[in-house]
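The numbers here are math on the coordinates, done by the rules we state, and not lab data. Being a predicted model, the structure only gives us computed values, none of them experimental. Every residue, glycine among them, receives a Cβ derived from its backbone with ideal geometry; neighbour counts consider all protein chains shown.
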Amino acid sequence: MQKENQEKLQCPECESTNIRFRFKVNTKEKNNAYANVTEEMQCASCFMDIPANVFIYNTDDEIEENKKIWQSFYKPEHLKVAAQCSRCSQYYWQIEKQLSDINITSPDIFYQTYDTKGSGGKMVCRLCDPEAFKNNKQ
Ligand SMILES: [Zn+2]
Ligand SMILES: [Zn+2]
């Protein structure tokens, strides 16, 4: 396979060609789909974090192939671990998209509540409780 210098990008989720971030990842779990993923990209349109290897394509044929791999292989795994709000049940990418619509692009979108009964903290998003984030900032 030939390597090209100019990488071509297309989101396998929503077909956007723009990314917000590109970052290195280090998966500790060696048995899941993400074991060999070393880099991810956050799409600038759907806001999902997606493995770079299915975001980059060389030939047009690979676009469809990437979509299949994402939908059947990576995405189900991602949904299991993706950050989700305990109140509105939205995932981080749905929350980030709505926040960006109101010009909030901070990565700080969740806080954790502490349960005194010891069942662990719950995530609450910035949309459900914007006041909590104002207080934290000051
Ligand atoms: Zn996308
Ligand atoms: Zn929420």
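Are there trypsin sites (Lys or Arg not before Pro) in the stretch 60-130 that DSSP marks as loop and that have at most 15 other Cβ atoms within 10 Å, and which are they? Before the final figure, lay out the partial values.
Values: sites: K67, K68, K80, R87, K97, K117, K122, R126; in loops: R87, K117, R126.
Passing sites in the stretch 60-130 are R87, K117.
Write down, largest first, the equivalent ellipsoid semi-axes of the stretch 92-137 in whole Å, where each equals the square root of 5 times an eigenvalue of the alpha-carbon gyration tensor. Walk me through the numbers before you get to the answer.
Numbers: eigenvalues 101, 27, 10 Å².
Over the Cα atoms of the stretch 92-137, the semi-axes work out to 22, 12, 7 Å.
Hey, which aspartates and glutamates would be in cross-link range of K122, C-alpha to C-alpha under 16 Å, not counting anything within fewer than 8 residues on its own chain?
Once the sequence-local aspartates and glutamates are set aside, what remains near K122 is D108.
Would you work out the relative contact order for the chain, in percent, from Cα pairs under 8 angstrom that are 6 or more residues apart? Mind dumping the intermediate values first?
Details: 184 pairs, mean separation 24.2, N = 138.
Once divided by the residue count of the chain, the mean separation gives 18 percent.
Tell me which lysines have Cα within less than 30 Å of K68's Cα, excluding those fewer than 8 residues away on the same chain?
Qualifying lysines at Cα under 30 Å: K3, K8, K24, K28, K30, K80, K97.
Starting from the Kirkwood radius over alpha-carbon pairs of the stretch 1-92, derive D by Stokes-Einstein at 20 °C in a medium of 1.002 mPa s and give it in µm² s⁻¹.
Working: Rh = 13.9 Å.
Taking Rh from Cα pairs, D becomes 155 µm²/s.
Can you show me the helix-derived [θ] at 222 nm for the chain, built from DSSP H runs with n ≥ 4 at -39,500 (n - 2.57) apiece and divided by the number of residues, rounded to the nearest 500.
Values: 5 runs with 38 residues, N = 138.
It comes out at -7000 deg cm²/dmol, rounded to the nearest 500.
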